[in-house]
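What follows is a short report on a single structure.
The values are calculated or read from the model by the stated rules, or taken from the named source; none is laboratory data. Remember, predicted model here, so these are calculated numbers, not experimental data. Cβ placement follows ideal geometry from the backbone for every residue including glycine, while neighbour counts extend to all protein chains displayed. Surface areas here come from the heavy atoms of the whole protein model, side chains and all, with no ligands, DNA or RNA. Shrake-Rupley method; radii C 1.70, N 1.55, O 1.52, S 1.80 Å.
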Amino acid sequence: MTLILSIGAWLFSCLVLVKLGKLLMRKDRAQANLWFALLSLSIISVLPISSNLVEQAIPEVLHTLPSHVESAVVSELTIKASEAIAMLDIMFYALFTIWFLGALRKVWLLIKLRRHFIQLVDTAQPYKSHHSSHPMFVLPIDMSPFVFGLRNPKVILPQYFLQLKDHEQRALLCHELTHISYQDHISVMIWRMLSCLFWFNPFIHEMEKEFIHAMEHRCDRKTVQHFKLPPLQYAQSLLTCLKRSMVHQHPHQGFAHFSSSALSVDEYKQRLTDIVKPKRISQVSVTVILCAVSIGVLFTKYITNPVFNVTPPDWQYPVKNISISSHFGHISKIRNNRPHGGVDFIGKAGTSVYNAAPGKVLIADATSLASKYGNVVLIQHSNGYQTLYSHLDDFNVEAGDWLKHHQVIGSMGSTGKVTGAHLHFEMLKNGQRIDPLSKYSN
């Protein structure tokens with residue numbers, strides 16, 4: 001259930017952040033890095049935070065004696081709980097299998113597409129240009145130019161490139177070299193891999209699409225500025241390239257380039273308009289907005305953390321030498337035939353008792369609970385868990401103390417209603433007793 005809630009929260013946060021990103025893009029369409037920032041914010045919304053301990057009231061069950069329950073009923077409840085856990089395990093593995101097969105299919109298609117482009121590039125002829133030292137190749141077919149390769153990127157040019165005018169060739173080459181300077185070929189591959197791994201999240205694909213739009217706008221703006229190209233002439237050159245590429249459209253489009261199938265006609269118009277009359281927004285404004293959104297995401301995460309937290313405590317036994325005299329649910333005359341609410345660890349008086357997990361001490365006395373418990377320590381842990389240690393000979397912690405992992409909190413004794421020295425150890429989840437041994441692997 002926690003997994004489903006977390007995925008739902010992530011999908012909703014991605015939806016909100018996509019809407020925010022598109023709103024900011026209206027002010028400045030060249031904000032490519034904005035989409036990486038928004039992706040990071042969406043991940044923060046489902047990451048566990050360290051302050052996941054929420055203090056709860058003293059459970060009512062510790063103030064009242066449990067009602068009479070026959071052992072047969074306890075066994076029936078145990079069986080039902082086991083069946084529910086088994087069903088959740090089956091559901092988890094089914095969801096994992098569906099995700100894995102979907103991701104495997106997407107990755108296979110990406111690998112297959114990349115192999116196709118490798119075969120395509122092998123048919124290209126080298127082309128020498130004084131504009132850059134990066135290797136350039138001309139294909140024997142007409143398609144949009146693109147950058148290929150991760151470690152050693154190459155500029156792949158279409159056959160019609162050789163027929164373009166000098167200023168058109170220069171505009172096209174400078175555009176692709178700007179992509180390399182921004183390492184856009186790597187960024188596009190990262191987004192493709194993310195889309196493969198998180199294929200069930202349509203908003204990741206939407207972010208990838210918006211990133212490609214912003215990447216091209218940024219590339220246009222930087223190319224015109226850095227190479228000092230006339231904006232109108234540059235726009236006309238790219239429009240010529242677009243017309244030639246669309247007439248001879250290649251069926252396999254695997255990389256971001258000017259005539260990418262990810263762009264619609266209206267988006268081409270916006271891009272050409274932005275080259276001539278660019279819209280800008282200050283980086284300070286974008287930073288302030290993202291900081292405000294980050295604070296909102298973290299605050300929301302903190303408020304909802306008890307619901308979506310996925311990091312339960314790492315439990316340790318409260319004593320080093322494990323010797324159990326009475327298990328959870330055990331019926332005994334000393335308890336008036338009522339089921340045992342915890343686990344009894346036997347040992348010598350004075351044996352060290354440890355906290356089972358990090359947390360905050362709520363009770364450390366002999367008066368807050370019923371006298372049958374004797375000296376008792378109650379600790380609040382994360383995810384709604386609490387542990388109780390009773391019949392202690394003494395304790396060396398106080399209410400309000402924060403405990404780290406496996407600290408000594410007292411010593412085993414025989415205070416309260418007992419027949420001998422031992423530790424009565426209880427575990428509660430959201431105010432209800434549970435079997436402590438169910439949280440240990442052995």
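Among the residues of the range 133-148, none qualifies, meaning not one is of a type in the set (Ser, Thr, Tyr) and over 24 Å from residue 187 (Cβ atoms). Just give me the residues in the range 120-144 being part of a strand (DSSP E or B) and within 21 Å of residue 223 (Cβ to Cβ), in sequence order. Listed by number, the residues that qualify are 127, 136, 137, 138. The lone criterion from (1) in contact (Cβ under 8 Å) with a residue 60 or more places away in the chain; (2) over 16 Å from residue 318 (Cα atoms); (3) touching a helix residue (DSSP H, G or I) at 6+ places or on another chain (Cβ under 9 Å) left unmet by residue 362 is number (3).
Could you tell me whether the range 162-174 includes any residue that is farther than 27 Å from residue 24 by Cβ and within 35 Å of the chain's Cα centre (by Cα)? No, the range 162-174 contains no residue that is farther than 27 Å from residue 24 by Cβ and within 35 Å of the chain's Cα centre (by Cα). Remark: pairs (first residue in the range 417-428, under 11 Å from residue 324 (Cα atoms); second residue among the small types (Gly, Ala, Ser) and open to solvent by 10 Å² or more (accessible area, probe 1.4 Å); Cβ separation under 8 Å; 6+ apart in sequence or on different chains) = 422/325; 422/347; 422/414; 423/347.
Here is a yes/no grid of residues against (1) more than 22 Å from the chain's Cα centre (by Cα); (2) more than 30 Å from residue 210 (Cα to Cα); (3) surrounded by 12 or more Cβ atoms within 10 Å (Cβ to Cβ); (4) at pLDDT below 90:
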{"position": "29", "(1), (2), (3), (4)": "yes, no, yes, yes"}
{"position": "44", "(1), (2), (3), (4)": "no, no, yes, yes"}
{"position": "55", "(1), (2), (3), (4)": "yes, yes, no, yes"}
{"position": "66", "(1), (2), (3), (4)": "yes, yes, yes, yes"}
{"position": "73", "(1), (2), (3), (4)": "yes, yes, yes, yes"}
{"position": "81", "(1), (2), (3), (4)": "yes, yes, yes, yes"}
{"position": "94", "(1), (2), (3), (4)": "no, yes, no, yes"}
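For the range 395-407, the criterion of a residue being within 19 Å of residue 317 (Cβ to Cβ) and either part of a strand (DSSP E or B) or modelled with pLDDT under 85 (or both) is satisfied by at least one position.
Scan the range 383-415 residue by residue and report those that are open to solvent by less than 40 Å² (accessible area, probe 1.4 Å) and in contact with a Ser or Thr (Cβ under 7 Å, 6 or more places away or on another chain). The answer is 391, 392, 411, 412. Being without any contact (Cβ under 8 Å) to a residue 60 or more places away in the chain and under 39 Å from the mean Cα position of the chain (by Cα) is the filter here; which residues of the range 221-241 pass it? Passing the criteria: 222, 223, 224, 225, 226. So, residue 314, is that one in a helix (DSSP H, G or I) and at pLDDT 75 or above or not? The answer is no for residue 314. Under the condition of being touching a residue at least 24 places away in the same chain (Cβ under 8 Å) and surrounded by fewer than 20 Cβ atoms within 10 Å (Cβ to Cβ), the residues counted in the range 169-180 number 2.
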